[in-house]
Each structure stands twice: as C-alpha cells, then as structure tokens.
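Derivation of every value follows stated rules applied to the coordinates shown; laboratory data play no part. Everything numeric here is computed off the predicted structure, so don't read it as measured data. Neighbour counts are summed over all protein chains in view; Cβ atoms, including those assigned to glycine, are modelled from backbone coordinates with ideal geometry.
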Amino acid sequence: MSSTLDPTSSRVAADVADERLIQDRGLGGAVASGWARLRGGELGALPVVFGLAVISLVFYSQEATFLSSRNLVSITQFAAPIGVISLGIVLVLLLGEIDLSVGSVSGFAAASMAVLVVNKSQSLWVGMLVGILIGTAIGSVYALLYTRIGVPSFVFSLAGLLAFQGALLYVLGDQGTIVLPIDSGLREFARDRFLTDVQAYVLLAVVVAVYVGSQALAARRRRAAGLTPPNMALVAVKGVLLLAGLGFLTYYLGIDRGWGYLFVLFAALVVAMDLVLRKTRWGRHVYAVGGNEEAARRSGIKVGRIYFSVFAAASTFAALGGILLAGQLTSVSQSSGTTDTNLTAIAAAVIGGTSLFGGRGTAYSALLGIMVLQAIQNGLNLMNVDSSVRFMVTGAVLLLAVAIDSVSRRVRSSSGRG
Amino acid sequence: MSAMTQRVGSGPAQGEVVLSLAGVHKRFGAVQALTDVHLEVAAGEVVALVGDNGAGKSTLVKVISGVYSPDAGDIVFGGRMITVGGPAAAQALGIATVFQDLALCDNLDVVANLFLGQELRRGPVLDEIEMEKEAWRLLRTLSAKIPSVRIPIASLSGGQRQTVAIARALVGDPRVVLLDEPTAALGVAQTAEVLNLIERLRETGLGVILVSHNMADVQAVADRIVVLRLGRNAAEFRTEDATTEQLVAAITGASDNVVAARADRHRQADPTHPEAEL
C-alpha cells in the first residue's frame with residue numbers, strides 16, 4: 001500500500017513534481033533560468049569577469065603589451081602569493097569575521113623562515129614548516145581570543161597587525177633584509193619553474209575529463225535516485241567552453257613561459273578549497289555558522305571548532321603566501337607584508353564576490369579578485385603611472401565591488417533569493 | 001500509507017503513552033517556575049500546552065527538550081525512566097523540538113537546512129543525492145508545499161519555513177515532537193497549512209506537544225488541552241468538552257468569575273463534566 005504514495009517511485013522525478021515549479025528543459029531552458037537568476041540579483045562571478053574584460057580592453061588600448069603573452073604570465077605569477085593569502089580571507093569572511101593581520105603574519109612567517117634557512121643554516125623544508133606552523137599557531141591564538149574571551153575579530157587582528165609587524169622587525173634584527181640564496185629551491189619554485197607544454201595540456205585534459213566525468217556520474221546516481229539529472233547538454237557545453245578557454249590560455253601563455261608552478265599551486269589550492277567548502281560537512285558548517293550562528297549551534301554544530309579551524313586556516317594561508325612571496329621577491333625585508341599586501345589580500349576577496357556579511361562567497365572569489373587587482377597594478381605600472389594613482393584606482397574598484405554586492409543583495413532580498 | 005507511517009508503526013502502538021512527566025519541579029533562584037507539574041502524551045495524540053505569560057510553558061518545553069534539567073521529577077519516555085542530558089541527547093532519544101524562532105540558515109537551501117548537523121555522507125563527501133531524495137520523502141509525507149528543495153530558505157514564505165523546520169524535526173526519526181508557538185507569526189492561510197501539518201504528524205503516530213497562545217488553533221487540532229498557571233497544572237480538558245470560556249478561566253485563574261461559578265454548579269450536578277476531573 002505504500003508504493004502508490006511513495007514519492008520516489010512515481011514516474012515524475014520527485015524534485016519536479018510540484019506544478020508551481022517553473023521548469024526549464026534543454027539548453028534554451030538553461031539560458032532562460034540563468035537570465036532569471038541574474039535578474040533576481042544572483043550575479044555570481046559575472047561582474048568580476050566583466051570588470052576583468054573591461055580592464056583588459058582599457059589597458060590594451062593604452063599599452064598593447066598589456067595583453068602580450070609575457071605580461072600575462074607575469075600577472076599570473078605575481079597574483080599567486082597574495083592570492084593564497086586572500087584564500088584565507090575568504091574563509092574568515094564566510095563567517096562574517098575579518099582578519100586585518102594577514103599581511104603582518106605573512107611577513108613574520110617569511111622572516112622566521114628566512115632567518116632559520118639563511119642565518120641558522122637549517123634546511124629549507126624545516127624553515128618553511130616552521131614558518132607555516134607559526135601561522136597556524138597565531139590563528140589558533142586568535143580563535144581562542146574569539147571563542148573563549150569574546151574579543152571581536154576586528155580588534156585582535158588589528159592588534160596582530162601591529163604586533164607581528166613588530167615581530168618581523170625583531171626577527172630580522174639589525175639586518176634589515178635577508179636575501180635567499182640563489183640556489184634556494186623556494187626561489188626556483190616561485191620564479192623559474194614552469195609547466196612544459198605537454199604537462200600543461202595533459203593537466204588541462206585531466207581537469208576537463210574529471211569535471212565532465214563527475215557530472216556524468218552524478219547524473220547516473222540522480223536518475224537512479226528518481227531525481228532529475230543535470231542537463232547533460234549544458235554540461236557538455238560547459239566542458240567544451242572549459243576546454244577551449246583553458247586550452248587557448250595554455251597555448252597563449254605557452255608562447256612565453258607558460259603556467260608557473262607558483263600559479264598552478266595557487267589554482268590547485270583554490271579548487272581544493274572550493275571542493276572542501278561545497279562538498280564536505282566542514283564546509284557546509286562554515287556556511288551555516290556564517291549564515292545563522294544560533295541556528296548552527298542548535299543543530300548541534302560545534303561552532304567553536306568551526307571558528308577555530310577557520311582562523312587557524314586563514315593565518316596558515318597567510319604564512320604560506322608570505323613564504324611564497326619571499327621566494328618570488330628573493331628576499332625578506334622590513335617592509336615584507338606591510339599595508340599593501342594586507343589590504344590587497346582583503347580587497348581581492350571582496351572584489352571577487354565574497355560578502356562581508358558572512359555566509360556568501362566561494363573560493364573562486366580569491367582567484368578572480370586577485371586577478372583584477374593584479375591586472376590593474378600591472379597595467380598602471382606599464383603606463384608608468386605613479387603608485388599614488390594606483391592606490392586611488394584600487395580604492396575605487398573596491399568601492400565599486402562592494403556597491404555592486406550591496407545592490408545585488410537588495411535585489412536578491414526583494415526577489416526572494418536571500 | 002506512506003513510508004513514514006510504516007517506520008513509526010514499528011514503534012509504540014497507537015494510543016500508548018510515549019512520554020510522561022510527573023512531579024516536575026524547577027526553580028530559578030527565588031522563582032519557583034514549575035511546581036509538581038505532570039504531563040502525558042500518547043502516540044498519535046496532540047496535547048496542547050496553554051497558559052498565560054509566565055505560566056511555565058517555555059520552562060516545561062525546555063525541560064522536555066533537554067535545555068534545562070528539572071530539580072525534581074520523573075520523565076518516562078517509551079516506558080523507561082530517562083534523564084535528558086541536553087538538546088542533542090533529547091534529539092537522540094527521539095524527542096524533537098521546533099523552537100519558536102525556527103533556527104534556519106537563510107543562506108542555505110532546504111536540503112542543507114533539513115540535514116544541518118546530521119548530514120549524510122559517502123566517505124568524506126556529502127551525499128547530496130541521498131539527502132535530496134530523503135528531503136522529498138519527508139516533505140511528501142507531510143504533504144508539504146515546497147516548490148523546490150534547492151532554493152535558499154530566504155525565498156520561502158513563513159508557512160513554508162515552518163514546514164521546513166517541522167520536517168527537520170522529523171529527520172532523526174523522533175517519537176515525540178514539541179512545537180513552540182508554531183503559528184505565532186503566520187497569516188490565516190499559512191496557519192491552516194501548519195495545522196494540517198500537525199494533524200499529519202498525529203496521523204503518522206507521533207506524540208505532539210503543541211505550545212500556543214491561540215485558543216482557536218489549539219481547539220482546532222488538539223486532542224487534549226493542558227493548562228498551566230503560575231507553574232502548576234491548572235486544568236486539563238478533552239478538546240471537544242472545553243469551551244473557550246472555560247479555557248480562558250483556567251488560564252487566567254479567575255476562579256470567582258461567572259464562567260467558573262457555572263462550572264462549579266455543573267460539577268456538583270454532573271460529576272462526568274470535564275472540569276470535574278480536577
């Protein structure tokens with residue numbers, strides 16, 4: 001007697017049985033529902049991608065070398081270390097908190113690594129491990145301050161901003177600058193190592209195959225479970241676009257040096273973070289705590305542990321980013337990780353589309369945001385514009401990004417998309 | 001009959017008492033919030049808990065849901081004496097609570113909210129497909145009107161949110177559901193929807209404890225009405241025997257009013273009258 005009313009056994013897939021649901025079939029339907037989402041204020045990555053295109057065209061019209069293979073390679077390479085720091089900021093913002101000290105932490109971690117490797121002649125691995133663990137330790141202390149004592153994140157990270165800048169100066173002592181040895185593996189990794197063409201195309205093929213394969217697998221499981229499978233035509237189109245887009249980029253960057261190891265590491269971290277946020281229980285809980293902490297707590301989520309892991313991860317990313325930056329710049333100095341690094345990392349996350357109010361954003365916002373900022377910096381440098389203008393332009397872009405976020409938030413709430 | 005009925009059917013038989021409290025005392029400093037309170041709920045029964053502000057309803061709900069532990073008193077659940085260690089322990093025992101403010105995450109979709117804190121996994125990865133399937137099953141057994149389980153909670157109406165909150169209470173396969181003011185912020189149509197939902201819970205053999213201020217709602221769905229006043233059991237009615245006047249009198253404790261005087265006369269004349277139970 002249960003079979004007739006069992007929702008999963010009916011012929012219509014369970015998730016489309018409600019007649020009020022507007023259903024979009026085929027590719028046309030996918031386009032239509034995408035358009036409806038945009039009008040409803042769910043802009044996703046669109047403003048950033050659009051902005052990036054505008055920025056590219058403007059700089060290209062002023063200075064044709066902007067879109068040269070060589071310049072694009074250098075943009076990707078310089079974007080990577082701060083992008084790694086920005087990835088940590090995305091996590092903190094997802095909880096609706098802020099970490100103003102990532103720059104100082106990155107500088108302090110890099111300086112500790114450099115002192116160990118150069119002055120104390122430890123191996124590079126030991127130096128890097130200690131540097132990264134310093135980041136983790138700092139984040140853990142932040143988390144304790146937040147969860148046990150209730151210090152607002154704005155305050156303890158502002159304190160950290162000052163304190164770890166001091167720690168950087170202290171560790172460097174009267175040396176001022178420590179130059180990493182020329183044969184240092186870190187320097188080589190961050191500056192001179194690039195994927196060969198074969199490696200790049202193989203990696204590309206693997207990425208696209210995994211994407212399409214996982215979608216096809218999900219489609220089979222969904223059909224077996226009596227739910228509508230994802231639109232395979234759309235998946236195919238996305239797969240082809242992904243293949244074509246990344247393929248073209250790989251070809252174009254390959255004219256010069258190609259994809260740097262540094263950027264590939266950053267991109268891998270972004271993809272990994274995205275998967276962890278979307279597909280694991282921990283990621284789900286991060287979004288839940290950022291959306292409604294009280295609801296998360298009542299659902300039995302250990303809210304304190306989420307805060308702990310996020311603050312620790314953010315500072316760890318900061319330390320890693322600082323070490324990579326040191327490798328790229330070949331040295332650590334008293335100005336490592338000062339205001340510029342800090343604000344660029346935070347601005348990148350926000351420009352990329354992570355909301356300042358918590359619960360909304362993706363790992364990809366770190367990638368997109370840092371590309372925008374790096375493109376602006378690079379373009380203005382090419383045009384020999386003074387750094388004073390660069391700061392003003394960056395400020396304006398940040399303001400624009402937050403304004404777009406606020407407007408789309410309002411549209412979302414009036415069209416019922418939260 | 002739906003799958004849920006079968007599942008619950010393997011539990012207590014219809015009409016068997018699943019949860020009973022006796023002699024519950026709870027004191028906060030100088031305030032005696034609950035004094036010798038008793039309450040019973042059977043499988044497939046809706047018991048309404050009514051009372052004025054400060055009558056002890058919320059305290060009693062929190063005692064049952066494990067937020068407070070009582071100073072004295074016995075809680076018998078499914079024939080066994082239990083102590084509820086906390087909200088999670090209550091949930092694990094099979095006592096689910098839907099709090100007044102629902103506690104949903106606006107930024108997450110319906111599936112994510114239904115399974116929040118008890119997500120299904122395949123290895124380390126969330127099993128979205130199984131959760132979505134189970135979500136539809138739960139919503140269908142409640143005959144719930146939710147257009148899609150993949151839209152954020154923010155885009156649902158008040159009644160639909162209440163539906164999601166109630167459906168979430170059912171994820172852990174409970175035997176008793178506590179609903180704290182489920183219709184407080186809802187319009188007429190949405191209230192009716194939630195009342196339907198409560199009846200559906202009863203049909204599936206769950207014990208339902210409904211806390212409400214709204215006499216009309218209570219009289220519409222409850223089988224029995226328990227009145228608390230100043231932390232004590234003030235009265236208990238079978239719904240079909242109780243008039244609104246009698247309820248109001250019991251809630252306000254206006255024992256010298258006209259309604260009470262009439263009840264007194266009835267009590268002397270007819271010992272089977274509901275008020276004679278007191």
*Return the single residue from A:Arg148, A:Arg390, A:Arg305 with maximal mean-square fluctuation; model: Gaussian network over chain A, springs between Cα atoms under 10 Å.*
A:Arg148
*Separation between Cα centres of the stretch A:356-416 and the stretch B:152-197, rounded to whole Å*: 40 Å
*Ranking B:Phe237, A:Phe50, A:Phe78, A:Phe108 by Cβ neighbours within 10 Å, fewest first, what do you get?*
A:Phe50, A:Phe78, B:Phe237, A:Phe108
*Mind jotting down the distance between the C-alpha centroids of the stretch B:80-132 and the stretch B:31-55, whole Å?*
25 Å
_Taking 60 Å as R0, compute the FRET efficiency from the Cβ-Cβ separation of A:Leu38 and A:Leu144 and round it to 0.05._
0.90
*HN-Hα J couplings of the stretch B:210-225 from phi, Karplus 6.51/-1.76/1.60, θ = phi - 60°, integer Hz, Gly and Pro as x?*
10, 9, 7, 9, 8, 4, 5, 4, 4, 5, 6, 10, 6, 8, 10, 10
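Need the full-extension length gain, A:Ala216 to A:Arg409, defined as separation in residues times 0.36 nm minus the C-alpha distance. One decimal, nm.
Details: separation 193, 0.36 × 193 = 69.48 nm, distance 3.33 nm.
Full extension of this stretch gives 66.1 nm more.
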*To the nearest 0.05, what FRET efficiency results for A:Val240 and A:Ser121 with a Förster distance of 41 Å applied to their C-beta separation?*
0.20
_Part-to-part distance (alpha-carbon centres) for the stretch A:231-284 and the stretch B:209-229, which is given in Å_ = 57 Å
*Just need the relative contact order of chain B here, percent rounded to a whole number, with Cα pairs under 8 Å and 6+ apart.*
25 percent
_Note, ³J(HN,Hα) from phi for the stretch B:59-73, Karplus 6.51, -1.76, 1.60, rounded to Hz, x at Gly and Pro_ = 4, 5, 4, 6, 5, 5, 7, x, 6, 10, 9, x, 6, 8, x
_Degrees separating the helix B:128-141 axis from the principal Cα axis of chain B, which is the longest one_ = 30 degrees
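Do the sum for chain B: with -39,500 (n - 2.57) for every DSSP H run of n ≥ 4, divided by all residues, what is the mean residue ellipticity at 222 nm, to the nearest 500 deg cm²/dmol?
Calculated from helices alone, the mean residue ellipticity at 222 nm is -10000 deg cm²/dmol.
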*Label B:Asn53 and A:Gln199 with points 7 Å out from Cα along Cα→Cβ: what is the distance between them in nm?*
7.1 nm
*Computed FRET efficiency, Cβ-Cβ of A:Ala159 and B:Asn214, R0 56 Å: what is it to the nearest 0.05?*
0.65
*So what is the 222 nm mean residue ellipticity for chain A from helices alone, if each DSSP H run of at least 4 adds -39500 (n - 2.57) and you divide by all residues, rounding to the nearest 500 deg cm²/dmol?*
-24000 deg cm²/dmol
*What ranking do A:283-294, B:74-85 get when scored by the average of other Cβ atoms within 10 Å per residue, highest first?*
A:283-294, B:74-85
_Karplus (6.51, -1.76, 1.60) ³J(HN,Hα), θ = phi - 60°, over the stretch B:30-39, in Hz, Gly and Pro reported as x_ = 8, 9, 8, 6, 10, 10, 6, 8, 10, 7
